[in-house]
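The values are calculated or read from the model by the stated rules, or taken from the named source; none is laboratory data. As the structure is a computational prediction, the values presented were derived from the model and not from experiment. Note: ideal-geometry Cβ built from the backbone for every residue, glycine included; neighbour counts use all protein chains shown. For the accessible areas, the whole protein counts, side chains as well, though only heavy atoms, and no ligand, DNA or RNA atoms are used. Shrake-Rupley method; radii C 1.70, N 1.55, O 1.52, S 1.80 Å.
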Amino acid sequence: SCISQCKRLERTMYKHLRSNRAEALSLYRECLRTAKAFHWVEETSGQPWNTKLKLETRKEFESSRSETDPLIIARMLVVGRDCVQQIQQKFNNADKAAMERISTDTSRGSVTKK
């Protein structure tokens, strides 16, 4: 019947909204964890980058809170997750390169001391 189809659709939409909400919360937390890696200070304002990024993250999520279109929400979640993963990958690569430089410089130093 039409009523049972409407109820089924309503239940499906509710589950979808809950999963979007859970994904958005997960992404928000991941953004905040990633922001902790930014330890330097912005030159012009003197504000720590991690603080600035946390405030910007909050602002972005708050401005998207009223979005109801499931396709737009899904796209925002995918793009947001991709951006965070790219930033994390760049940090990991830079960290690895720095460790390799340190290792190389240390081994050169020990060779010249002998």
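Only residues that are in contact with a Phe, Trp or Tyr (Cβ under 9 Å, 6 or more places away or on another chain) and not acidic (D, E) were counted in the stretch 26-48, giving 11.
For residues that are of a type in the set (D, E, K, R) and under 15 Å from the mean Cα position of the chain (by Cα), scanning just the stretch 63-105, find the one that is farthest from S26 (Cα to Cα). Steps first, answer last, please.
Of the stretch 63-105, the ones of a type in the set (D, E, K, R) are 65, 67, 69, 75, 81-82, 90, 95-96, 100-101, 105.
Restricting the remaining residues to those that are under 15 Å from the mean Cα position of the chain (by Cα) gives 75, 81-82, 90.
Working: R75: 15, R81: 10, D82: 13, K90: 21 Å.
Filtering the stretch 63-105 for residues that are of a type in the set (D, E, K, R) and under 15 Å from the mean Cα position of the chain (by Cα), the one farthest from S26 (Cα to Cα) comes out as K90.
Residue pairs whose Cβ atoms lie under 9 Å apart, separated by 6 or more positions or on different chains, with the first residue in the stretch 20-41 and more than 14 Å from G80 (Cβ to Cβ) and the second part of a strand (DSSP E or B), are F38/P48; H39/P48; W40/P48; V41/P48. The listed residues are F91, F38, and the only one of them that is of a type in the set (A, V, I, L, M, F, W, C), at pLDDT below 90 and outside any helix (DSSP H, G or I) turns out to be F38.
Which count do you get for residues in the stretch 97-114 that are open to solvent by less than 90 Å² (accessible area, probe 1.4 Å) and modelled with pLDDT under 80? Summing the residues that are open to solvent by less than 90 Å² (accessible area, probe 1.4 Å) and modelled with pLDDT under 80 in the stretch 97-114 gives 3. Checking each residue in the stretch 38-47 for being surrounded by 13 or more Cβ atoms within 10 Å (Cβ to Cβ) and within 18 Å of the chain's Cα centre (by Cα) picks out only F38.
Only one of the listed residues (L77, L55, L71, L32) is open to solvent by 100 Å² or more (accessible area, probe 1.4 Å), of a type outside the set (D, E, K, R), at pLDDT 90 or above and not in a loop (DSSP other than H, G, I, E, B). That residue is L55.
In the stretch 60-87, how many residues are more than 21 Å from A22 (Cα to Cα) and touching a helix residue (DSSP H, G or I) at 6+ places or on another chain (Cβ under 9 Å)?
Within the stretch 60-87, the first condition is being more than 21 Å from A22 (Cα to Cα), and the residues that meet it are 86-87.
From what's left, touching a helix residue (DSSP H, G or I) at 6+ places or on another chain (Cβ under 9 Å): 87.
Of the residues in the stretch 60-87, 1 are more than 21 Å from A22 (Cα to Cα) and touching a helix residue (DSSP H, G or I) at 6+ places or on another chain (Cβ under 9 Å).
For the stretch 1-29, a residue qualifies if it is open to solvent by 100 Å² or more (accessible area, probe 1.4 Å) and either among the charged types (D, E, K, R) or modelled with pLDDT of 85 or more (or both), and the qualifying residues are K7, R8, E10, R11, K15, R18, R21, R29.
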